[in-house]
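Okay, structure first, notes after.
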Amino acid sequence: MEVDIQELKAGDERAFRQLMDLHGKGIFNLCLGMIPNREDAEDITQDVFVEAYKHIREFRESAHIKTWLFRIALNKCYDHIKYSKRKKRSGIVQSLFDKEDNPIEIPSNFAHPGITLENKEHAKALYGALATLPENQHTAFTLYEMQGLDYKQIAETMSVSIPAVESLLSRARAGLRKKLHDYYTNNASS
């Protein structure tokens with residue numbers, strides 16, 4: 001089922017609802033993979049579709065609409081991450097000057113729809129390790145492993161070459177293997 005791009009560009013609300021129905025869950029899961037906080041992921045998902053609605057006339061039909069939406073979602077996620085880091089840094093500096101102990105924490109409790117209860121601790125470790133990867137490796141890994149995109153789709157979404165995607169995935173896996181080794185060694189008997 002595809003959405004008629006011409007109807008979208010003409011401002012057809014039914015076509016836009018169809019676009020949200022078709023891609024909303026994937027966008028939400030991508031956002032949740034990048035920012036493991038359900039409320040933030042929901043907000044960003046809404047922002048993605050608002051942005052898409054405003055800029056649909058700029059969509060190049062040579063690209064795939066899903067790739068375009070994922071690119072918007074990634075940019076929104078990157079903006080959110082940068083904002084959170086700035087907010088965290090300014091909070092730490094402010095607490096130094098105020099002599100108060102107000103640590104700023106990024107929420108660690110999240111509920112990804114694809115994670116079962118018995119795997120929540122493992123998922124928490126994985127998301128924690130993912131957050132320490134360089135942004136481009138985190139993105140490539142999330143798009144491939146969690147969204148099921150192929151190398152070509154990832155390359156289009158990230159505006160990189162297919163060999164670059166292969167390299168990013170290889171480095172992400174190596175980095176995760178290294179970061180998670182201790183966790184799984186210590187929890188092997190669990």
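We did not get these values from a lab; they are worked out from the coordinates using the rules stated. None of the values given here were measured: they were computed from a predicted structure. Here the Cβ is made from the backbone with ideal geometry for all residues, glycine too, and neighbour counts use every protein chain on show.
Points worth noting:
- With the simple spin-label model, which puts each label point 7 Å out from Cα in the Cβ direction, the residue 124 to residue 43 separation comes to 2.3 nm.
- Alpha-carbon centroids, region 32-76 and region 119-190: separation in whole Å: 21 Å
- Computed from the C-beta positions of residue 63 and residue 171, the FRET efficiency with R₀ = 30 Å rounds to 0.70.
- Residue pairs, from the table 66/152; 54/76; 9/152, whose Cα atoms sit over 18 Å apart: 9/152
- Inter-probe distance in nm under a simple model that places probes 7 Å from Cα toward Cβ, at residue 162 and residue 53: 3.8 nm
- Tensor-based shape of region 115-190 (alpha-carbon gyration tensor, a/c under 1.5 rounded, otherwise prolate or oblate): prolate
- 3J(HN,Hα) along region 167-183: 5, 4, 5, 4, 5, 5, 4, 5, x, 5, 4, 5, 5, 8, 3, 5, 4 Hz, from the Karplus curve 6.51 cos²θ - 1.76 cosθ + 1.60 with θ = phi - 60°, whole Hz, x for Gly and Pro.
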